[in-house]
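The structure appears right after this line, and notes come after that.
The values are calculated or read from the model by the stated rules, or taken from the named source; none is laboratory data. Keep in mind it's a predicted model, so treat the numbers as computed, not measured. When we count neighbours, we look across all protein chains shown, and the Cβ atoms used for this are built from the backbone with ideal geometry, even at glycine.
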Amino acid sequence: MNRSAEYKFCPVCGTPFIKRRLISHEPERLVCPSCDFILYLDPKLVACTIARTKNGIVLQQRNKSPKRGYWVLPGGFVDRGETLEQAAIREFYEETGLHTRIDSLIGTYSYPGQANIIIVFNSRITGGILRPCHESMSVAEFAVNRIPWDDLAFDTTKNALQTYVKKF
């Protein structure tokens, strides 16, 4: 996805951006020709959690595109000023109704051409009641031998679950 196509105007003065290579070995940047503001297209951080109840690993069935109806790890974008761990705990609660405590890092995942960097934690459930949120068609607990591998939404979900299953 060419994210620079999403940004056309300078947020400082409203002038249309131009593309300019500022340093020979770096990509072109979006630059305002009027005020010289440079828009850097930084990656977005996503924090996810793998947590297991007595019945299995908790997964969320997406209720939005892309991959509506497919299963993912509960997680979401890290807000500015929030730690990765705080975001993982908050997102897991928002999407499942369950409180967690981070135990360890499972891994970090990034893919060529993608804006997201995904950080996946291993957590333990400390309370709450399992329930879906507005972003979920459902949430469910899967025994390791019942993980819906063919119905996982993203490579990160598959890769992180494979790492989790091997480690734990």
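Scan segment 106-134 residue by residue and report those that are in a strand (DSSP E or B) and either of a type in the set (Val, Ile, Thr) or buried (at least 20 other Cβ atoms within 10 Å of the Cβ) (or both).
As a first pass, look at segment 106-134 and keep what is in a strand (DSSP E or B): 106-110, 116-128.
If the condition is that a residue be in a strand (DSSP E or B) and either of a type in the set (Val, Ile, Thr) or buried (at least 20 other Cβ atoms within 10 Å of the Cβ) (or both), then Ile106, Thr108, Tyr109, Ile117, Ile118, Ile119, Val120, Phe121, Asn122, Ser123, Ile125, Thr126 are the ones that fit.
Restricted to segment 114-131, and to residues there that are in contact (Cβ under 8 Å) with a residue 60 or more places away in the chain and in contact with a helix residue (DSSP H, G or I) (Cβ under 8 Å, 6 or more places away or on another chain), the residue that is nearest to Thr100 (Cα to Cα) is Ser123.
Residue by residue, here is whether (1) touching a residue at least 12 places away in the same chain (Cβ under 8 Å); (2) more than 15 Å from the chain's Cα centre (by Cα) holds:
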site: Pro33; (1), (2): yes, yes
site: Pro43; (1), (2): yes, no
site: Ala47; (1), (2): yes, no
site: Val58; (1), (2): yes, yes
site: Trp71; (1), (2): yes, no
site: Gly75; (1), (2): yes, no
site: Gly81; (1), (2): no, yes
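The single condition among (1) modelled with pLDDT under 95; (2) under 29 Å from Leu41 (Cα atoms); (3) assigned to a strand (DSSP E or B) that Met137 does not meet is (2). Screening Lys64 on (1) of a type outside the set (Gly, Ala, Ser); (2) under 18 Å from Tyr109 (Cβ atoms); (3) at pLDDT below 95 shows it passes everything except condition (2).
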